[in-house]
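The block underneath contains the structure these notes are about, expressed in structure tokens.
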Amino acid sequence: MPHISTYKALRIYQAAMTAAMRIFELTKRFPIEERYSLTDQIRRCSRSVCSNIGEAWRKRRYPAHFVSKLSDSEGEAEETRVWLEFSWRCGYMSQSEAAALDKEYDQIIGQLVRMIDRPDQWLVSTHAAHAGTGK
């Protein structure tokens, strides 16, 4: 596995950011009466997938915290899928647009589950981090 020094280099983060930005663009055409409900909800949870990945990256010294933030991200991704279904059922996006994004989030969830199942690949050793510091 190549050395990854920032969460922004993670394929999962890049995929989540791309999907969230696509949702942002699609929701610009949602009706004004949905601004504080469906539009806000789907934007919030799609963005939260990304932010939780970023938070998890900084928690890599603490396995339980790392997994917890990835689990939060997984939950937000699934919530996004629910709002996508509402979006097409309400007629605010086509079924094909919603289905394509749903598939992207299914893949994002799969990647998150793999990271959750194998956190040791991603963790930072606290012993190595303090080596030579006298701590």
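The values are calculated or read from the model by the stated rules, or taken from the named source; none is laboratory data. These numbers were taken from a predicted model, which means no experiment stands behind them. Cβ coordinates were reconstructed from backbone atoms using ideal geometry, including for glycine residues, and neighbour counts include every protein chain displayed.
Of everything in region 76-96 that is surrounded by fewer than 16 Cβ atoms within 10 Å (Cβ to Cβ) and of a type in the set (S, T, N, Q), the residue that is farthest from ASP120 (Cα to Cα) is SER94.
Selection of first residues in region 113-133 that are β-branched (Val, Ile, Thr) and of second residues that are assigned to a helix (DSSP H, G or I) and at pLDDT 80 or above, restricted to Cβ pairs under 8 Å at least 6 apart or on distinct chains, gives the following pairs, ordered by first then second residue: VAL113/GLU74; ILE116/VAL67; ILE116/LEU70; ILE116/SER71; ILE116/GLU74.
Counting the residues of region 55-70 that are of a type outside the set (D, E, K, R) and surrounded by fewer than 16 Cβ atoms within 10 Å (Cβ to Cβ) gives 4.
Working only within region 96-112, note down all residues that are free of Cβ contacts under 8 Å to residues at least 24 places away in the same chain and under 20 Å from CYS45 (Cα atoms). ALA98, ALA99, ALA100, ASP102, LYS103, GLY110, listed by residue number. I'd like the residue in region 56-66 that is assigned to a helix (DSSP H, G or I) and either in contact with a Phe, Trp or Tyr (Cβ under 9 Å, 6 or more places away or on another chain) or among the β-branched types (Val, Ile, Thr) (or both) and, out of all such residues, is farthest from SER125 (Cα to Cα). My answer is ALA56. Of the residues making up region 36-47, one or more are over 25 Å from ALA100 (Cβ atoms), modelled with pLDDT under 95 and not in a loop (DSSP other than H, G, I, E, B).
Matching residues to (1) part of a helix (DSSP H, G or I); (2) closer than 23 Å to GLN121 by Cβ; (3) not acidic (Asp, Glu):
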site: ARG22; (1), (2), (3): yes, no, yes
site: SER71; (1), (2), (3): yes, yes, yes
site: GLU74; (1), (2), (3): yes, yes, no
site: ALA98; (1), (2), (3): yes, no, yes
